[in-house]
Each structure stands twice: as C-alpha cells, then as structure tokens.
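The values are calculated or read from the model by the stated rules, or taken from the named source; none is laboratory data. The structure presented is a predicted model; accordingly, all values stated were derived computationally and were not measured. Every residue, glycine among them, receives a Cβ derived from its backbone with ideal geometry; neighbour counts consider all protein chains shown. Surface areas here come from the heavy atoms of the whole protein model, side chains and all, with no ligands, DNA or RNA. Shrake-Rupley method; radii C 1.70, N 1.55, O 1.52, S 1.80 Å.
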Amino acid sequence: MLFMAGSYDFASIEHKWQSRWERESLYRAPNQSEKPKYYALVMLPYPSGDLHVGHAKNYTIGDAVARMRRMLGYNVLNPMGWDAFGLPAENAAIANGADPAAWTTENILKMRRQLRSLGTSYDWSREVATCEPEFYRWNQWLFLRLYDAGLAYKREAPVNWCPHDQTVLANEQVVDGRCWRCEHLVQRRNLSQWFLRITDYADRLLDDLDGLSGWPERTRAMQRNWIGRSEGATFAFAIDGLDAEVDVFTTRLDTIFGVTFLAIAAEHPVVSSLGRIVSAEHAAQIAAFAESLQSKSELERTSLMEKRGIFTGAYAIHPLSRERIPIWVTSYVLAEYGTGAVMGVPAHDERDFEFARKYALPVVTVVVPPNMPPDELPHEPYIEDGRLIASESFSDMSSERARNAIAAHLAALGRGKTSVNYKLRDWLISRQRYWGTPIPIIYCSACGEVPVPDDELPVLLPPGVRLRGEGSPLASVPEFIETTCPKCGGPARRESDTMDTFFESSWYYLRYLDPHNDRLPWSAERAAQWMNVDQYIGGAEHTVLHLLYSRFFYKFFHDRGWVSGSAEPFENLFHQGLVLHDGEKMSKSRGNVVGIDETAEKTGVDAMRLFALYVTPPEETSDWTDEGITGRVRLLNRIWRACEPFFERQHDSGARGLPRPKTAAEKTLLRAVHVAAKSAIDETLSRRFHYNATIAKLDELVNLITESSGTADSPVAAYAVWALPILVAPFAPHIAEELWERFGHTTSVHLEPYLRPDDRALAVDETTLVVQVNGRVRARIVVAPGIGEEEAFALALEEANVRSHLDGKEVRKRIYVPAKLLNIVV
RNA sequence: GGGGAAGUGGCGGAAUGGCAGACGCAGCCGCCUCAAAAGCGGCCGAGGCAACUCAUGUGGGUUCGACUCCCACCUUCCCCA
C-alpha cells in the first residue's frame, strides 16, 4: 500500500520507537521488584532463517499478553532465545559446504532483527542460543547429573533409523512411521544408544496431569494416551524341553484359557535359544524370517503389512491348563513393547484372530456375552467383557472377577503377578550427527564407561569438520575422539554421539532466569523468584514431545531441590492456531509464504499485529489475506486522525479523572472507552486471549470518536482521545507511543497503568427491555436500568403488539430478568 | 475402530441460558471531487407491500426461553490404533 494522504508515516514511527525502546532497555526485567512476577514464555524458535506472518501471529499473542500484564502492574519476564542446534544447519553444510555455526549465527542475526521489527518487548539481556558453549556446557552438566542418578544409560536396542537424516529417532519423533522432520520412512536397526529413564517418572507424569487445569484438555488427553498406562498381569510360559521362560503381559487375564499359541517378537532373546531344541530346518526358517523383518519399521509391522509368522517347532506349557502351546515368531509383536511376547487368544483379540485364521490355528471361545445361549458361538472375535466358559474352576465368573481370581491363583502358584504396563518407553537421546551437544562420556579399555569430570566441561564441538552426510561425523575426527581416561590417564576414546535437541529445549526456560551464571545452569534463588512459567505459548505440534520431556526434566530438578514450588514447569499453556495463505500452509515449495519484512514495509508492523490478533480467535487456524489487513490499516489511520487535533498541546485529560458526560452521545462514548478497557483486561485475566473481540470494541470506540468529531472541545471526547494510546498500546505499540509523545508526555505509554474500567462509566442510563410473549419477542421498550417488575409489566401492557398477542388470554407466569427481559407466558 | 475439537450471512467472525449475525472484509448507493484515490454517510441472512414468518449442520429432548445444556445422527479437522 502506498503512503497516502490522510495516513500516518508508520515506517519512520516504527523504526524510531524500536531503537529508542532498545536504547532505554524499556523491557528489562529486574530480578528484584516490589511488583508481583509474571513469567510469559513463547516457545523459542529454530533459527531457520526467515520469519513469516505465521510466526508473527505467535509472537504477537505472546507479546500482547506480556504488555498487558506489564500495564496491569506485574514485573514481567518476557525472554527470547534460539533452539540453535539441529539438522537443518547440518544439512545445509552437507548440501553446500556451509559451516553450521556460521550458518546458524547468520540466521540468528536475521531473525533477531525480524523479531525486533515486530515491536516485541523481549528482555534481550537474557537471550540464549543453545549452540553456544556457555549454554551446552550446562546440557552436558545436566546429562552427568542424570547419569549420576542412574537416569541416563546406554544399551543395545532396536531403534528407529532415518535413512535420510542418517540418525536414530526417539519414538515420539516417528510420525506415521516416518521421520517427523524429513518424512522419510523409518527403518529398524540394532544399535548401542543412550537413553533417559523417563519411564521411571511415568506415573508422576500421568498423575500430575490432573492438576494442570491451565492446560487444554486435549493436550492432557494426548499425554495420557501417550503414556498409555494399562493395568494387567505378567505371567510366565515355561518352554517345553528348555530351561527358559517367556514372560507375557496381558490386560485380559480372563481369556487365559483361550490361548492357542504364543506369539513372540523376532528379536526376542529366547529366539536364539530355541535353535538348540528345534530341527535345523526350523532354525533356518526362523533366521530367514527374522532377517526379512529387519529393516521393517514398526508401523509397517503393526499396521501396514499383513501379519506374518512362522511356527518355531517349539512348544510352551500353559501355566494353568498345562497344555502344550505352539510358539510362533510373528511380525506384529514388537520386542520393545511390553515383554516382547503375547499370549495368542484368537477368540477374543482381533489381531490374534486375524493371525489364527491365516495360519489355521484353533480358536477357543472362553468368554461369552452375559445373556447368550450356550450353543450359539460367535464367528468374530468377541472382545468385550462377559461370562467365562471352559475355564476350569473360573467358569461362570464375570470377566472382571475372573481377572482378579486368576491373577491371585497365578500369584499363589508363583507363576505370575498383577502388573502395570506403559506405552511410554525410555527416551532415546543419541544422535549420530555433528551439530548437537557432545555426550560427555569417555570409554577406557581399563575403566570402561567414564563420565567427563565437571571441571573439564564443556566438551567442545571441534570446528571445521567436513560433513558428508554419512556415518557419525565426530567418530571420524581423531583430535576429538582420542583422549585420555580421566580415571587412569590411559588412552581412551570419547563418545561420538550428540544429544537430541529436545534435551536442551526441555530446560532452556530456566537458563533465561540466570543466563550468565558460570557455576550452575541456574541458581535455586532465581528459580524461586521466577518459576513457574505463568503462561506458555506455542504450537500444538509439541503436545507430546517437548512438553512431556520438559515435565520429566522439571520433576527431576524438583527432586534435586534445584527448583521449588510446584513440580510442573508450565502453569498455563496456550496453543495458537496455524496461519494459512490461500487456504494452504505456508511453505517455500508452494511459493505462498507471506514474509514479515514485506508486510512491515507495505502496511506497517502495527497493522500486521492487529490483523494477526483480529482475524480469528488466537487458537483457531486463520487465513492471511491482503484484503483483511486493509481493515486494520484503516483503523490505525482513523486513530491517528482522531488524535491529530490534540497534537502539540499538553494533553492529559485522563489525569483529571473521569469526565462527566452531559449528553447521551457523550455517555455512550465514555462507556465505549471503558467497555474496550474491560474487554482487554477480561481477555487477559481469563487467559482466553480473544483480543479479536477487544479490537472490535476499539473499532466501535473509534467509530464513535469519528462521529463526534464536530464536538472536539467536549471533555469526554478529549478523555476518549487521551485513553486511545493506552488502550491500543499492547496491540499496536508503536502508534500508541508516538501519539502519547505528541500529547506532550515525556515517559513511555508502555509504563502507564492500563485503564481500569470504572463502573460509573460502564453503567447505562437507559436500557432496552425485551418483552416476550411465550418466548417470542413482541416489543422492545426503552426503560431505566433500575426498573422493577411491576412497572415493566405495566409498560409492556401499553404496547399494542404485546396486547394483541395476550388477547384476553390468562397470564400464567411472568419471567423477569431485571432491566433486560420480561417474558409473559399465557 | 477408539478419543478430542468444531459446524452461525458471499467471507472471517460476535453473542458462555435472555434482542442471533457485534466488528471487519467484500459488494451496492450517495456525498466530496473537473475526475479518481483517500475520506465521510447509508444499505447489506431469506421470504413478504406489510403486520409478520423462517433462519445458527440434521433430528429429538430439557427449559417460560437454546447458537449456547443433554441424546442420536451427518460432515470436517486433529490425535491414537
């Protein structure tokens, strides 16, 4: 949009105030303050290089909240930093030889400038970048504390391997069987990897969700789902002819007499022992079958491909019936889930049924619907609870009773016990990549696995490593790998894996509190001052990954006494909606990205902020349109024109208190000022953040000011104009500041208290009473707000339309909502 | 298959048991102007000359009164299998 007559010069105003705010450190958050603290946090960005208007929406919401809280009298901490390790930098290095550190630094510089250009009120003195040694040193330090506590360990395990990124992925990073980042199909590999024992915290992570009333219900539901706690029983099958047992977990112990096969994972440890008791032919078939599954992902095995299996030739002994049960190796049982083996009950489990049908295994029904005649057996698996049959002494019991009775019986025999299983698995943090935090462990042939001593941290990433996109980059750097053992001084090798970047994002919000501490990642004192995060804002895509890991870390910190108060880091959580353009997600490949630099140039940043907040409620997906933003440009221009007559003269009508309206129009105008203020405050305190409604109130207010422009001498009009910069300051901070200065103020409008709604201004002199007959609106009468029921009824009866609908009928009932509604039931 | 969220004019949306469609976009008419832009004013769910009637995905229910609460269904999106 061109610079037009009647519009203000947003470009110079926005530049002017951004640099002045920064020079004066206007948004610095002191650690000590008499005001109550408020920690407003927006998820830190990955420095990918360019911000678009989708980012602008996210940061504008967070910034509006921070600015509102500041004007409501809080000492607000509103920090920003960079999630700076990770694959894009490394992939850029592989693609065009860029140095990941230089690439990242360049992107940070650009994005920091862009974030500033949005008029955000961050305390930049607390900025952190996770790729800096001063930061990742504490990553390593925290890893070692987890290691000391037995929560970090290395083991061989089948893992998710992304062939494109050449690295392993945590379970949570596999989406629909594909890499969450590059969307390549994930494979399975056996590798020795570092894990964090998040499963130790499974019950607390689950239970504490109940207390997170400031979180969206769906986010909590998804975390519950992910943790996947199920109660059941674990019991053992002995193997015929072998001194070994196979444990199985089940939630359906009531179906135990329906077991017709034992299904085990190809990677189950017992598989190799079976080779000793089965024929050479069977052993060869088992090996070939395991081989064929090796590269198949979990998704392929459990959902995509047809269930396959092979009879091992070996038999297990049923723990209760003592029958011989054939042992099958199957594709659909996973070694990493539960015990890696399940009892096959085709009559009462869909997957087992499908498998049994394919391989002609017997189907034995042991649970029937409560009221079913005994001779009518189902042809489909019956997976509901019911009544037991053909189950020895447990026959005729209900499923629920049988589960308890069978568990007790197995326990008495010493062959099983009730147990709890989780879908959640330990968090795999090893990555075979360069651009991440080196795991601070040394391997010595004499002393084994040795942690790097604290005083030797950080273990620095070696610069100038040539990245080719294959193998483990650090393993090929002798200067890095070759070291001496901290214990015995002998030659030793460093760990070449780096950490999953979710490690640092699980605690970065604590580093903001104490960003320059060189003895600890943060001090308990600072944590006590600032935690917990009062409002966390970020995308819903982090519901499981980042938010679950952060909660795990915080509980660990809490157990250590490093943080006090609640054991949950984020008191309130808000997920902003996506921004689409032309109905599609913005992406470079689609060529539909709306950049913030171009938008700032065309319409100004204040208009961009207003539109981001106005177009939909913030949690909804919104569509960015050039037509839509023109409405906000017009609003800003009208605000400017409304204020212009008051420039260059001392304008502090607000300081004289609430003006007295003389006319109905003045009364309406005064009320509009306070309605807008009330909306802004209500939306902030309720944490709905529906500032779209607040900005609509500002539209109404400005419409009224424009209508009353002929009466500029009115004290009420002067008051409304004085209030405008304060009211819009959190949403359009630049124009607010400029207007405030032109009114003759020498201090920032952003240091002003927000306008407190005054009941006298909000009160109305007269109101419209709706008169209904049998719930249908028949008349509207203008009345005084204090009108009583009898008086209202009398007035209603004077209305012709009301009388015609009463029409001599008997009045049975009257419902009266004072001064709002009268419903006459006949 | 299980769980969650949503469904209101041409469009984005407002209304948290009490006047459905605030506010904005688009559109139409007018004023201003030599003209245009900008600005300002008006109209803007459907039917009807009108009184009025219909209308918040569909069908039920609760209630004096339902966009709002309950039940079922349809559609869309998200998560899990």
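Assorted remarks:
- One residue from A:S679, A:S714, A:S686, A:S708 being in the same structural domain as A:R641 (by TED's automatic domain parsing), more than 16 Å from RNA strand B (Cβ to nearest atom) and among the hydroxyl-bearing types (S, T, Y): A:S714
- Among the numbered conditions (1) open to solvent by 20 Å² or more (accessible area, probe 1.4 Å); (2) part of a strand (DSSP E or B), the only one that A:V168 does not meet is (1).
- When the residues of region A:171-216 are filtered to those that are open to solvent by less than 80 Å² (accessible area, probe 1.4 Å) and small (G, A, S), the one that is modelled with the highest pLDDT is A:A202.
Residues checked against (1) modelled with pLDDT under 80; (2) in the same structural domain as A:A407 (by TED's automatic domain parsing); (3) outside any loop (DSSP other than H, G, I, E, B); (4) farther than 19 Å from A:G344 by Cβ:
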{"residue": "A:F355", "(1), (2), (3), (4)": "no, yes, yes, no"}
{"residue": "A:L361", "(1), (2), (3), (4)": "no, yes, no, no"}
{"residue": "A:T365", "(1), (2), (3), (4)": "no, yes, no, no"}
{"residue": "A:N371", "(1), (2), (3), (4)": "yes, yes, no, yes"}
{"residue": "A:E376", "(1), (2), (3), (4)": "yes, yes, no, yes"}
{"residue": "A:A390", "(1), (2), (3), (4)": "no, yes, no, no"}
{"residue": "A:S393", "(1), (2), (3), (4)": "no, yes, yes, yes"}
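- Taken over region A:777-801, the residue count meeting the criterion of being touching a Leu at 6+ places or on another chain (Cβ under 9 Å) and either acidic (D, E) or more than 9 Å from RNA strand B (Cβ to nearest atom) (or both) is 10.
- Consider region A:780-804 and keep the residues that are of a type outside the set (D, E, K, R) and not in a helix (DSSP H, G or I). The one that is most open to solvent (accessible area, probe 1.4 Å) is A:V782.
- Total residues in region A:565-588, condition assigned to a loop (DSSP other than H, G, I, E, B) and farther than 30 Å from A:A527 by Cα: 7
- Tabulated pairs, region A:212-223, first within 11 Å of A:L547 (Cβ to Cβ), second more than 8 Å from RNA strand B (Cβ to nearest atom) and part of a loop (DSSP other than H, G, I, E, B), C-beta under 8 angstrom, 6+ apart or interchain: A:L212/A:E568; A:R220/A:L212
- Looking at A:E525, A:E541, just one residue is part of a helix (DSSP H, G or I), within 16 Å of RNA strand B (Cβ to nearest atom) and exposed (fewer than 15 other Cβ atoms within 10 Å of the Cβ), and that residue is A:E541.
- Within region A:380-404, the set of residues being closer than 12 Å to A:T365 by Cα and among the hydrophobic types (A, V, I, L, M, F, W, C) comprises A:I383, A:L388, A:I389, A:A390.
- Filter pass, A:N572 being away from RNA strand B (no atom under 13 Å from the Cβ) and out of contact with any helix residue (DSSP H, G or I) (no Cβ under 7 Å at 6 or more places or on another chain): yes
- Within region A:723-743, at least one residue is over 29 Å from A:E620 (Cβ atoms), open to solvent by 30 Å² or more (accessible area, probe 1.4 Å) and either more than 16 Å from RNA strand B (Cβ to nearest atom) or not hydrophobic (A, V, I, L, M, F, W, C) (or both).
- Filtering region A:803-826 to residues that are in contact with a Leu (Cβ under 9 Å, 6 or more places away or on another chain) and over 23 Å from A:V764 (Cβ atoms) leaves A:R803, A:L806, A:R814, A:I824, A:V826.
- Of the numbered criteria (1) more than 16 Å from RNA strand B (Cβ to nearest atom); (2) assigned to a helix (DSSP H, G or I); (3) in contact (Cβ under 8 Å) with a residue 12 or more places away in the chain, the one A:R756 fails is (2).
- Selection within region A:442-467 - open to solvent by 20 Å² or more (accessible area, probe 1.4 Å) and touching a Ser or Thr at 6+ places or on another chain (Cβ under 9 Å): A:P458, A:L461, A:V465, A:R466
- Checking A:A11 against (1) farther than 16 Å from A:T599 by Cβ; (2) among the aliphatic types (A, V, I, L, M); (3) not in a loop (DSSP other than H, G, I, E, B), the condition it does not meet: (1)
- In summary, A:V159 fulfils each of the numbered conditions (1) outside any helix (DSSP H, G or I); (2) over 20 Å from A:P473 (Cα atoms); (3) aliphatic (A, V, I, L, M) with the single exception of condition (2).
- The lone exception for A:L144 - which of (1) under 26 Å from the mean Cα position of the chain (by Cα); (2) assigned to a helix (DSSP H, G or I); (3) not small (G, A, S) it fails: (1)
- Count of residues meeting criterion [closer than 14 Å to A:L320 by Cβ and touching a residue at least 24 places away in the same chain (Cβ under 8 Å)] in region A:398-429: 9
- Scanning region A:544-570 for residues that are closer than 17 Å to A:G214 by Cβ and surrounded by fewer than 17 Cβ atoms within 10 Å (Cβ to Cβ) gives A:G565, A:S566.
- Within region A:218-269, the set of residues being touching a Ser or Thr at 6+ places or on another chain (Cβ under 7 Å), part of a loop (DSSP other than H, G, I, E, B) and aliphatic (A, V, I, L, M) comprises A:L242, A:A244.
- Selection of region A:410-441 for residues being over 30 Å from A:Q173 (Cβ atoms) and surrounded by fewer than 19 Cβ atoms within 10 Å (Cβ to Cβ) yields A:A411, A:A412, A:L413, A:G414, A:R415, A:K417, A:T418.
- Test: residue in region A:205-215 that is within 16 Å of RNA strand B (Cβ to nearest atom), closer than 25 Å to A:D349 by Cβ and polar (S, T, N, Q): no
- Test: residue in region A:13-20 that is among the aromatic types (F, W, Y), in contact with an Asp or Glu (Cβ under 7 Å, 6 or more places away or on another chain) and crowded, with 17+ Cβ neighbours inside 10 Å: yes
- Which listed residue is in contact (Cβ under 8 Å) with a residue 40 or more places away in the chain and away from RNA strand B (no atom under 11 Å from the Cβ), from A:D699, A:D652: A:D652
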